[in-house]
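Report on the structure given below.
Laboratory data are not the source of any read-out in this text; all were calculated from the coordinates shown. Keep in mind the model is a prediction, meaning the values are calculated, not measured. Here the Cβ positions follow ideal geometry from the backbone for every residue, glycine too, while neighbour counts run over all protein chains shown.
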Amino acid sequence: MKTERYVIDKISPEESWRMFRIMAEFVDGIEAMSNLPPAVTIFGSARSRPGDVYYDLAEKLSGELVREGLAIITGGGPGIMEAANKGAFEAGGKSVGLNIELPFEQKLNPYTDVNLSFRYFFIRKVMFVKYAVGYVIFPGGFGTMDELFEALTLIQTDKIKPFPVVLFGSAYWSGLLNWIEQTMQAEHMISPEDQAIFTLTDSIHAVVEIMKNSQP
């Protein structure tokens, strides 16, 4: 009993309020997204610009997915996120931006009709996974890799119901996938069947068909 009292006494008021902020972000996210149609979450570099190949492809892909009755979820920022939201928004679909408060790069793009701003990365990640029927991963940096490998880990360990994870852009991803096969798998760090968790493509049509077939 003394130990329990000691631990409770050591919790600062700041820590207590942080718990309420965490709960509030979960509540806000669930309330805002619970009525979405089936959605595809799209990730990619915040540094891509209009006219870049992958920016234009992300915009086109989102429009095609919306025309199949799917919503689009992104991180709400610039680059590939903006392109995906723009494609969805201009096609008349539901366009969701889940922004994260950062000191640089990340500002909410103007092409969302559902948008939230998160203080905590881990809550935002739950929203990406919870409301998606699939992920499309365009070329990106550390943040994109983080989302990719978290999804692969959750599926591999049966912590979530499996859904399609599509890597878009073979020129960008082939080096990583070769390393996964020739190093990770060759040294028995993963099983051969783990590579079936994801798909590599350069085809918008292929992505649309995959996501259409993934709906419950």
Notebook entry, point to check: Restricting to segment 49-81, what's the tally of residues that are outside any loop (DSSP other than H, G, I, E, B) and touching a strand residue (DSSP E or B) at 6+ places or on another chain (Cβ under 8 Å)?
Noted result: 13
Note to self: From the list Gly75, Gly92, Gly134, Gly69, exactly one residue is surrounded by 15 or more Cβ atoms within 10 Å (Cβ to Cβ), in contact (Cβ under 8 Å) with a residue 24 or more places away in the chain and either farther than 23 Å from Met23 by Cα or in contact with a Cys (Cβ under 9 Å, 6 or more places away or on another chain) (or both). Which is it?
What the structure shows: Gly134
Next item on the list: Just one of (1) of a type in the set (A, V, I, L, M, F, W, C); (2) buried (at least 17 other Cβ atoms within 10 Å of the Cβ); (3) touching a residue at least 24 places away in the same chain (Cβ under 8 Å) trips up Ile160, so point out which.
Entry: (2)
Checklist line | Restricting segment 163-201 to residues that are surrounded by 12 or more Cβ atoms within 10 Å (Cβ to Cβ) and acidic (Asp, Glu), the residue that is farthest from Glu68 (Cα to Cα) | finding: Glu181
Next item on the list: Considering (1) within 15 Å of the chain's Cα centre (by Cα); (2) free of Cβ contacts under 8 Å to residues at least 12 places away in the same chain, say which one Ser117 fails and leave the rest.
Entry: (2)
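What are the residues in segment 80-101 that are aliphatic (A, V, I, L, M) and closer than 21 Å to Phe26 by Cβ, if any?
Going through segment 80-101, the residues aliphatic (A, V, I, L, M) turn out to be 80-81, 83-84, 88, 91, 96, 98, 100.
Within segment 80-101, Val96, Leu98, Ile100 qualify.
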Check: outside any helix (DSSP H, G or I) and surrounded by fewer than 14 Cβ atoms within 10 Å (Cβ to Cβ) - does that describe any residue in segment 137-156?
Finding: yes
Notebook entry, point to check: Within segment 83-135, can you find the residues that are in a helix (DSSP H, G or I), over 22 Å from Leu154 (Cα atoms) and touching a strand residue (DSSP E or B) at 6+ places or on another chain (Cβ under 6 Å)?
Noted result: Ala84, Asn85, Ala88, Phe89
